[in-house]
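Have a look at the structure below, then the notes.
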């Protein structure tokens, strides 16, 4: 059969254009899949990373960057032989790659299977830092540990001002002012203010969310009253509240960048209250001093908002405000020291409000409180 030369020339040109377009489309698909696998890697989903990279090299066997990412993903799963093999495939396509060569010789080769009589080899540390889409970037492991600590995990030590309600305690102390009759006089002091100190361990889940565990101690001001007359002090009582907590917290970052984050926080956990009591009552005995430690436990919650600013790779500065709900319907003590003698004859003891005597605050035996004009004091933080 005779073929017209101009017709054959046009056919070959058309075939060449078709092959070029097909190759370009496959390249774009491989690039898109590589970026998808890179996203999986940065999220710690290494199985998915390997699966996607296998698709990439099927589309484009010369895509050496996919073999490198596959090797890193295998190494993160501690599949060191597979990681070594993947890196070897990369070097077959692109032999001039010192980063991959160093990774294989320094990190992977010592961990490949050896005879049983060989000495133990050190553990491999593979960075979690997102891989650059330009694979020739060197990995600095020392700096990377700092980056990972500040980026994904954090340890936070914090302190600041705390405000607690203490409605029953404060109102009960102030109520003595209206009860005392001249010539006796009363001096009282109340405080809502305190100091909070905390320690928090957190893990960033992704760019928008994080979880943490925090431990706090809150020392509050004392609630105090003293009654005296011309002969001297007659009676006084002091209540010093303290709160300890362990909380699980959930963070949401509505606005964030590499060096700053704005967050909303919701937390919930266990709260333990301690109220230290000291008293003085000349009606008691030759030793008018009394004391006790009252405690209570409750589940509570918190809601906060804050702003974090990074300082270098490993440190940061943060400003935040947090509201807390921890209400103790009663606090009790198993013993009470009166006149130098510790007793539990009427235990447990509690801090109560005397509703028949001007709503003043005082110490009661719990079995005598009900039905005798009193109720439990609510300690609300």
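The values are calculated or read from the model by the stated rules, or taken from the named source; none is laboratory data. Because the structure is predicted, anything quoted here is derived from the model rather than measured. Here the Cβ is made from the backbone with ideal geometry for all residues, glycine too, and neighbour counts use every protein chain on show.
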- Query: When the residues of region 53-68 are filtered to those that are under 15 Å from residue 92 (Cα atoms) and under 41 Å from the mean Cα position of the chain (by Cα), which remaining residue is surrounded by the most Cβ atoms within 10 Å (Cβ to Cβ)?
  - Reply: 66
- Failed criterion for residue 368 (all others in (1) in contact with a helix residue (DSSP H, G or I) (Cβ under 9 Å, 6 or more places away or on another chain); (2) surrounded by fewer than 18 Cβ atoms within 10 Å (Cβ to Cβ); (3) at pLDDT below 95; (4) on the phi < 0 side of the Ramachandran plot hold): (1)
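Yes/no matrix, rows are residues, columns are (1) loosely packed, with under 13 Cβ neighbours inside 10 Å; (2) closer than 30 Å to residue 186 by Cα:
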{"residue": "251", "(1), (2)": "no, no"}
{"residue": "263", "(1), (2)": "no, no"}
{"residue": "294", "(1), (2)": "no, yes"}
{"residue": "311", "(1), (2)": "yes, no"}
{"residue": "342", "(1), (2)": "yes, yes"}
- Task: Could you tell me which residue of region 176-199 is farthest from the chain's Cα centre (by Cα), considering only residues that are surrounded by fewer than 17 Cβ atoms within 10 Å (Cβ to Cβ) and within 30 Å of residue 262 (Cβ to Cβ)?
- Result: 192
